[in-house]
Amino acid sequence: MSANTVEINRTRFRFDDNEAVWLFGYGSLIFKADFPFVQRRSARITGWSRRFWQGSHDHRGTPEAPGRVVTLIETPGEPCSGVAYLIAPEVFEQLDFREKNGYLRFSTEMTFDDGSLVQGLVYIATPENSAFLGPASESDIARHIAAAAGPSGPNADYLLHLAESLRGLGEHDAHVFEIEQHLRLVLK
Ligand code: SIN
């Protein structure tokens, strides 16, 4: 699959014009909400793990030297915490462009802190996309991130902002926090 998903996403869902849609964010969508939204709530989805396994050609790296950003990997029973935004359907045009490097919209159920459930969407970069990098040790990922940068800034800022935001949400993500520890040593 080509890494640019804009056209594919446009055909994936048809929105009723008046309907607001919940979007679950677990990466940069947590700490960089540069789009209009009606509501923002902490939420979680189940059956997915957050992993720095996706290559970034257009934000935190370049096609020649991709950065590493998060995607979700199917992991039965595993909760993944993040933030849900209630947004107007037309906002997806802007979001599809932002997430174009391999991310497809999928339908998902999400749970709010009060236990209530809603149906919504989430962007996931699956292993089939050509920018997917796959697993590496947390220390190798940290070294990779320390060396990468792209149009949206240093790759390290992405990781450090994400770790900070997860702490703000009261979440412990062992993968993210271990990379953060290694990264802080590499950056010293
Ligand atoms: C997300 O944040 O939900 C998707 C991945 C990203 O944009 O970092």
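The values are calculated or read from the model by the stated rules, or taken from the named source; none is laboratory data. Computed from a prediction, not measured in an experiment: that's the story for all the values here. Note that we place each Cβ from the backbone using ideal geometry, even for glycine, and neighbour counts take in every protein chain shown. The accessibility values were calculated without ligands, DNA or RNA, using every heavy atom of the protein model including side chains. Shrake-Rupley method; radii C 1.70, N 1.55, O 1.52, S 1.80 Å.
Specify the inter-centroid distance of segment 29-81 and segment 130-156, based on alpha-carbon positions, in whole Å. That distance is 13 Å. The amide H of TRP48, built 1.01 Å from its N in the peptide plane, has THR75, GLU78, CYS80 as neighbours under 5 Å, considering only residues 5 or more places off or on other chains. Using 17 Å as the cut-off for backbone N distance, which residues of segment 103-119 belong to the label zone defined by a point 7 Å from the Cα of ARG12 along Cα→Cβ? Under 17 Å, as judged by backbone N against the label point of ARG12, lie 103-110, 119 of segment 103-119. Considering only PHE13, PRO76, PRO89, and ranking their Cα positions along the charge dipole of segment 6-187 that arises from unit charges at the beta-carbon of Lys, Arg, Asp and Glu, the one farthest toward the positive end is PRO76. Magnitude of the charge dipole for the chain, about its Cα centre and with charges confined to Cβ atoms of Lys, Arg (+1) and Asp, Glu (-1), is about 360 debye.
Counting other Cβ atoms within 10 Å of each Cβ, which trypsin sites (Lys or Arg not before Pro) in segment 1-74 have at most 10 and sit in a DSSP loop?
Working: sites: ARG10, ARG12, ARG14, LYS32, ARG40, ARG41, ARG44, ARG50, ARG51, ARG60, ARG68; in loops: ARG14, LYS32, ARG60.
Passing both the DSSP loop test and the Cβ count: ARG14.
Against the main long axis of the alpha-carbon atoms of the chain, helix 138-147 sits at an angle near 90°.
Shown in residue order for segment 114-119 are the 3J(HN,Hα) couplings computed by the Karplus curve 6.51 cos²θ - 1.76 cosθ + 1.60 at θ = phi - 60°: 7, x, 6, 10, 9, 9 Hz (x for Gly and Pro). Along segment 58-73 the Karplus relation, 6.51 cos²θ - 1.76 cosθ + 1.60 evaluated at θ = phi - 60°, assigns HN-Hα couplings of 10, 10, 10, x, 9, x, 6, 9, x, x, 10, 10, 8, 9, 10, 10 Hz to successive residues, with x for each Gly and Pro. Taking the C-alpha atoms only, the angle from helix 155-168 to the longest principal axis of the chain is near 60 degrees.
A cut-off of 5 Å between modelled amide H atoms, ignoring neighbours fewer than 5 places along the same chain, links PHE132 with GLY55. Rounded to the nearest 10 degrees, the inclination of helix 174-187 to the longest alpha-carbon principal axis of the chain is 40 degrees.
Accessible surface of segment 1-71, 1.4 Å probe: 49 percent of it comes from carbon and sulfur atoms. Run the quick spin-label model on SER42 and LYS188: label points 7 Å from Cα toward the beta carbon, then report their separation in nm to one decimal. Computed distance between label sites SER42 and LYS188 equals 3.0 nm. Counting alpha carbon pairs within less than 8 Å and at least 6 residues apart, what relative contact order, in whole percent, applies to segment 1-108? In percent, rounded to a whole number, it is 42. Would you please classify the overall shape of segment 30-188 from the alpha carbon gyration tensor, given that a ≥ b ≥ c denote the square roots of the eigenvalues, rounded means a/c under 1.5, and beyond that prolate means a/b larger than b/c while oblate covers the rest? Since a/c reaches 1.5 and a/b is larger than b/c, the shape of segment 30-188 is classed as prolate. Counting only heavy atoms of the protein chains and using a 1.4 Å probe, TYR123 has close to 0 Å² of accessible surface.
Placing R0 at 45 angstrom, the Cβ-Cβ distance between GLU109 and PHE177 gives a FRET efficiency of 0.95 after rounding to 0.05. For a quick check, take a GNM of the chain with Cα springs below 10 Å and name the residue from GLY168, GLY25, GLY150 with the largest mean-square fluctuation. Its mean-square fluctuation being the largest, the pick is GLY168. Within the listed set GLU178, GLU93, GLU64, the residue fluctuating most in the Gaussian network model of the chain (springs between alpha-carbon atoms under 10 angstrom) is GLU64. Taking amide H as placed 1.01 Å from N in the peptide plane, the amide H of SER42 sits under 5 Å from that of ALA84, each at least 5 places away or on another chain.
How high is the relative contact order of the chain, given as a whole-number percent (alpha carbon pairs under 8 Å, six or more residues apart)?
Details: 391 pairs, mean separation 53.7, N = 188.
It rounds to 29 percent for the chain.
Springs between alpha-carbon pairs under 10 angstrom, Gaussian network model over the chain: which of ASP96, ASP58, ASP140 fluctuates most? Comparing ASP96, ASP58, ASP140 in a Gaussian network model of the chain, the most mobile one is ASP140.
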